[in-house]
Amino acid sequence: MPGARHTSTSTVQVSPESTIPIGTLYCTPVIFDQACSVVSRYLSSARYVWFPRKPLALARIGADLARVVAGQRPLRYVDLALDYRCNLRCEHCSAEGLRRDGVPVLRPSQWRQVVDQATDLGAFLFGLTGGEPLVLDLESLVRELGPERMLVYVVTNGTLLSRERARSLHAAGVDVVGISLDSADADAHDRVRGAEGAQGKAWEAVRNALAAGLAVVVATTVTRRTVQSPGLERLLRQTEKLRLLTVLGLACPTGGWAGREELMLRPEDTERLSRLMARYRHTRRDFQSNWVEVGCGAAKEKLYVSPYGEVMPCPFFQVGFGNVAEEPLAHIRRRMIEQPELAGYPRSCLVGEDPGFLDRFRARMQTRGGCGCGG
């Protein structure tokens, strides 16, 4: 009945202004609902880190949590962009502008060193991305990295993820796959991905991954032209029904969309995203994945390493702060956090919600003789 709250021992009828005893805590029904929503979101995320087959990784997560309780903010996640080769031609590809013809990519032994340094800084989750990582002999690399000590997340467009490949990845030590799905409208998805039938193959990849025992995250890119589309909300209804964590990424004027600021979301668009996330509890932005704070965790909690060893705050903040083949990762990360824009947790995406931000930042850094700039 309206206004009722259920506990394990009784049902209490309340009005919106009433308080509800919860142990020694008293709160209004509105606050109670908000707290339940937060707890529900944490619980829905737990299955993406709880992998009993990896006790060493779980122990490291526990150690990181203790550091967080003590007031520290350890590194949490690192994107390893292994190679920019890909089987699709997505119009928004963040790798466009980062490719370096003739520059050798890091060797597996060097990637192992990157992981070693990142784990020393607290990282326990590593995203293997590209390009399209499934065009590589990914299983051999995963084994080289020592997957028993970390959680392995493969970011893929899904078109190459057969049932056999999914089983092979799981056996090698992969835990989660992030599969790109931008719309329930197949034509809209395929148009962005540059390949007819890409959406159908992505859904098949979801089924193959789940059948192989892999956890699945759906990665959805949102633009000003898609945020109000029926296809986006239909997609969120589908992923909600399947209880799949769905992470919304904002269009950024970098890579294939360099200079395309007309695709960036306006304030009314981000308000719609907020309403959608409130409606679909398995849908969120990456801002909600931090240890405690809500906001951009780039540099503090996550990093991006290019195939050539360049370290950036994220795939879209395309400014290199150093190269892991030349200096320790800890030094590069410290240099990032010294920048005022990256010291805290901005509540908006610097690149995706502030037109002209990257150009201004690059100009300032070049004036100071600072970092190398990508894109």
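The values are calculated or read from the model by the stated rules, or taken from the named source; none is laboratory data. These numbers come from a predicted model, not from an experiment. Cβ sites come from the backbone with ideal geometry, for glycine too, and all protein chains shown count toward neighbours. For the accessible areas, the whole protein counts, side chains as well, though only heavy atoms, and no ligand, DNA or RNA atoms are used. Shrake-Rupley method; radii C 1.70, N 1.55, O 1.52, S 1.80 Å.
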| task | Can you list which of the GluC sites (Glu not before Pro) found in region 141-226 are DSSP loop residues with at most 16 other C-beta atoms within 10 Å? | result | Glu196
| note | Any lysines whose Cα falls less than 23 Å from that of Lys241, other than same-chain ones fewer than 8 residues away, would be Lys201
| task | Please go through region 89-174 and write out the trypsin sites (Lys or Arg not before Pro) that DSSP classes as loop and that have at most 12 other C-beta atoms within 10 Å. | result | Arg89
| Packing rank of 269-280, 289-300, where each peptide gets the mean count of other beta carbons within 10 Å, highest leading | 289-300, 269-280
| task | Would you tell me the accessible area of Phe287, worked out with a 1.4 angstrom probe on the heavy atoms of the protein chains, in Å² to the nearest 10? | result | 30
| message | Suppose only helical runs count, i.e. DSSP H with n ≥ 4. What mean residue ellipticity at 222 nm does that imply for the chain under -39500 (n - 2.57) per run, divided by all residues and rounded to the nearest 500 deg cm²/dmol? | response | -11000 deg cm²/dmol
| remark: Taking Lys and Arg as +1 and Asp and Glu as -1, residues besides Pro230 with C-beta under 12 Å from its C-beta add up to 0
| Roughly how much of Cys349 is accessible, in Å² to the nearest 10, using a 1.4 Å probe? | 30
| request: Determine the shape class of region 232-341: with a ≥ b ≥ c the square roots of the Cα gyration tensor eigenvalues, call it rounded for a/c under 1.5, and otherwise prolate if a/b is greater than b/c, oblate otherwise. | output: prolate
| message | With a 1.4 Å probe and all protein chains left in place, how much of the accessible area of the chain comes from carbon and sulfur atoms, in whole percent? | response | 55
| By a straight-distance test (C-alpha under 30 Å), which lysines pair with Lys300 as possible cross-link partners, with residues fewer than eight away in the same chain excluded? | Lys54
| request: Sort all Cα-Cα distances of the chain into consecutive 10 angstrom bins from zero, then give the percent of pairs in each bin up to the one containing the longest distance. | output: 5, 23, 33, 26, 10, 4, 0, 0
| Sequence of His331, His170, His92 when ordered by accessible area, the most exposed leading, probe 1.4 angstrom | His331, His170, His92
| query | Rounded if a/c is under 1.5, else prolate if a/b is larger than b/c, else oblate: which is region 180-241, with a ≥ b ≥ c the root eigenvalues of its Cα gyration tensor? | reply | oblate
